[in-house]
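K.L.:
Before anything else, here's the structure in question.
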Amino acid sequence: MRHLINILDFSVEELDELIKVADDIIANPVKYQDACNHKILGTLFFEPSTRTRLSFESAMLSLGGQVLGFSEANSSSAAKGESVSDTAAVVSGYCDIIAMRHPKEGAPLVASAHSHVPVINAGDGGHYHPTQTLADLLTIHHEKGGFEGLTVGLCGDLKFGRTVHSLIEALSRYKGVKFVLISPEELKLPSFVKDEYIKEKNIPYEQSTSLDDVMPQLDVLYMTRVQKERFFNEEDYLRLKDSYILTTDKMKLAKDDMIVMHPLPRVNEISVAVDEDPRASYFRQTLYGKYMRMALILKLLNITV
Amino acid sequence: MKIDAIKNGIVIDHITAGCAMQLYNMLGLDKLDCSVAIIKNVPSAKMGKKDIIKIDSNINVNLDIVSFISPDATVNIIVDGICREKRNIELPERLVNIIKCKNPRCITTTEQEIRHIFVLADRNKREYRCIYCDTKADSRKNYKLK
């Protein structure tokens with residue numbers, strides 16, 4: 001039985017296979033509409049999330065399966081003090097696959113050790129969010145035609161942004177990718193990510209505090225939100241939240257075929273006016289996320305269509 | 001300074017200078033009835049200075065703890081006043097229930113009776129990471145004991 005806790009649980013070949021299945025789902029959705037007939041997805045969301053939970057539910061419903069679960073810890077037995085391992089052991093008796101989000105880092109790994117069905121990490125605190133990375137990979141692959149030779153800019157909160165860490169880990173396994181890290185000093189990429197996935201693999205990278213300076217060279221711009229819940233101190237949050245805002249003026253500096261990505265929700269780091277630009281791919285990205293979650297559910301349930 | 005030779009027991013030698021007390025605590029030597037000597041800052045040709053612990057009893061020493069705290073240490077088993085065995089220790093692949101994760105966001109801070117597990121992430125850097133949250137363990141810091 002396989003689980004997905006960290007994006008590195010899957011080999012490059014397995015990721016390529018998921019991308020291939022997702023592409024086929026996009027091309028032939030009807031072919032997959034009953035693939036998960038009589039299968040149940042359990043969504044254990046101990047922390048609020050709109051997009052990720054709805055994306056998982058939509059993915060399972062589009063495969064002909066059904067969904068049960070809860071969307072916040074208060075409406076689960078966790079409010080009574082039940083452990084993650086007990087919850088996983090119980091719920092895995094009621095469903096065929098589990099998608100779990102939890103504020104504590106490592107909670108899905110604990111669940112996977114006690115579950116009788118595959119567990120998908122749908123985000124564990126500031127740690128991993130592998131299905132967001134799957135969405136990101138499909139977006140880049142679909143819109144840029146592959147990964148080789150791309151210059152990928154990551155902008156905003158690179159310190160706490162788990163989606164950024166996972167994307168760097170995943171892209172570092174493909175040849176010819178260059179990273180441009182754009183952030184204020186306080187929110188720079190942690191050294192363990194930079195050392196392990198960029199420096200040790202001799203991947204070219206550049207660090208900048210200015211988005212304008214590096215914009216012309218980017219093929220992909222990955223914007224992130226400065227998240228209030230990751231700060232212990234509100235003063236720090238207020239000082240840094242507006243650091244990097246993407247506007248239509250900044251977009252004039254970019255290549256004609258650059259794509260702008262964002263894990264969403266957006267607060268104000270991308271001006272609403274940028275939405276009109278065909279290079280803004282962040283809403284399409286959410287749809288790619290659903291297709292990748294469909295491909296993932298099929299893989300973990302060993303269903304081939 | 002003279003410490004009597006032990007007849008039957010264990011000598012943990014070549015401990016990184018300054019680490020003997022931490023090792024003493026983590027090995028639970030304070031709970032022993034026998035004589036235990038902690039010798040600090042002993043001149044050493046190889047290390048400049050080192051710490052030594054002498055235990056006047058043949059107890060089972062958790063080598064994983066010794067290795068984690070002081071990877072260059074050696075463990076000598078003394079029988080009838082003679083060193084019968086010299087164990088060179090190796091960094092263990094996993095540390096189970098030896099140290100706690102210091103990350104307040106880690107699941108180990110809330111999950112009941114969870115096993116605290118660290119894996120050797122980089123042998124050259126002697127670096128261990130929590131399997132749940134990937135936080136690095138620093139052997140030179142004083143960890144809350146399990």
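The values are calculated or read from the model by the stated rules, or taken from the named source; none is laboratory data. These numbers come from a predicted model, not from an experiment. All Cβ positions, glycine included, derive from the backbone under ideal geometry; neighbour counts span all protein chains shown. Ligands, DNA and RNA are excluded from the accessible area calculation, which covers all protein heavy atoms including side chains. Shrake-Rupley method; radii C 1.70, N 1.55, O 1.52, S 1.80 Å.
K.L.:
Residue check, A:Ile40 against (1) of a type in the set (A, V, I, L, M); (2) open to solvent by 20 Å² or more (accessible area, probe 1.4 Å); (3) under 20 Å from A:His142 (Cβ atoms), all met but one. Which one?
P.N.:
Condition not satisfied by A:Ile40: (3).
K.L.:
Here are some conditions: (1) part of a loop (DSSP other than H, G, I, E, B); (2) free of Cβ contacts under 8 Å to residues at least 12 places away in the same chain. A:Leu253 meets all but one. Which one does it not meet?
P.N.:
The number of the failed condition is (2).
K.L.:
Here's a check for you: in the stretch A:225-235, which residue that is modelled with pLDDT of 70 or more and in contact with a helix residue (DSSP H, G or I) (Cβ under 7 Å, 6 or more places away or on another chain) is surrounded by the most Cβ atoms within 10 Å (Cβ to Cβ)?
P.N.:
Among residues in the stretch A:225-235 that are modelled with pLDDT of 70 or more and in contact with a helix residue (DSSP H, G or I) (Cβ under 7 Å, 6 or more places away or on another chain), the one surrounded by the most Cβ atoms within 10 Å (Cβ to Cβ) is A:Val226.
K.L.:
Assuming A:Gly149 fulfils every condition listed in (1) open to solvent by 20 Å² or more (accessible area, probe 1.4 Å); (2) in contact with a Phe, Trp or Tyr (Cβ under 8 Å, 6 or more places away or on another chain) apart from one, which condition is it?
P.N.:
(2)
K.L.:
Given the conditions (1) part of a loop (DSSP other than H, G, I, E, B); (2) farther than 30 Å from B:Arg115 by Cβ; (3) among the charged types (D, E, K, R), and given that A:Glu82 satisfies all but one, which numbered condition is not satisfied?
P.N.:
Evaluating A:Glu82 over (1) part of a loop (DSSP other than H, G, I, E, B); (2) farther than 30 Å from B:Arg115 by Cβ; (3) among the charged types (D, E, K, R) leaves (2) as the failure.
K.L.:
Test A:Gly64 against the criterion of being in contact with a Cys (Cβ under 8 Å, 6 or more places away or on another chain) and either within 14 Å of chain B (Cβ to nearest Cβ) or crowded, with 19+ Cβ neighbours inside 10 Å (or both), and give yes or no.
P.N.:
So A:Gly64 fails the test.
K.L.:
Another one. Can you confirm whether A:Ser49 is of a type in the set (Ser, Thr, Tyr), in contact with a Lys or Arg (Cβ under 8 Å, 6 or more places away or on another chain) and assigned to a helix (DSSP H, G or I)?
P.N.:
Here the answer is no, as A:Ser49 does not meet what is asked.
One line per residue, one yes/no per condition, for (1) open to solvent by 60 Å² or more (accessible area, probe 1.4 Å); (2) under 23 Å from the mean Cα position of the chain (by Cα); (3) under 18 Å from A:Phe147 (Cα atoms):
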{"site": "A:Ile182", "(1), (2), (3)": "no, yes, no"}
{"site": "A:Gln207", "(1), (2), (3)": "yes, yes, no"}
{"site": "A:Leu211", "(1), (2), (3)": "no, yes, no"}
{"site": "A:Ile245", "(1), (2), (3)": "no, yes, no"}
{"site": "A:Lys252", "(1), (2), (3)": "yes, no, no"}
{"site": "A:Lys255", "(1), (2), (3)": "yes, no, yes"}
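K.L.:
Run down A:Thr131, A:Thr139, A:Thr151 and say which single residue is within 16 Å of A:Ile203 (Cβ to Cβ) and more than 14 Å from chain B (Cβ to nearest Cβ).
P.N.:
Being within 16 Å of A:Ile203 (Cβ to Cβ) and more than 14 Å from chain B (Cβ to nearest Cβ) holds for just one of A:Thr131, A:Thr139, A:Thr151, which is A:Thr151.
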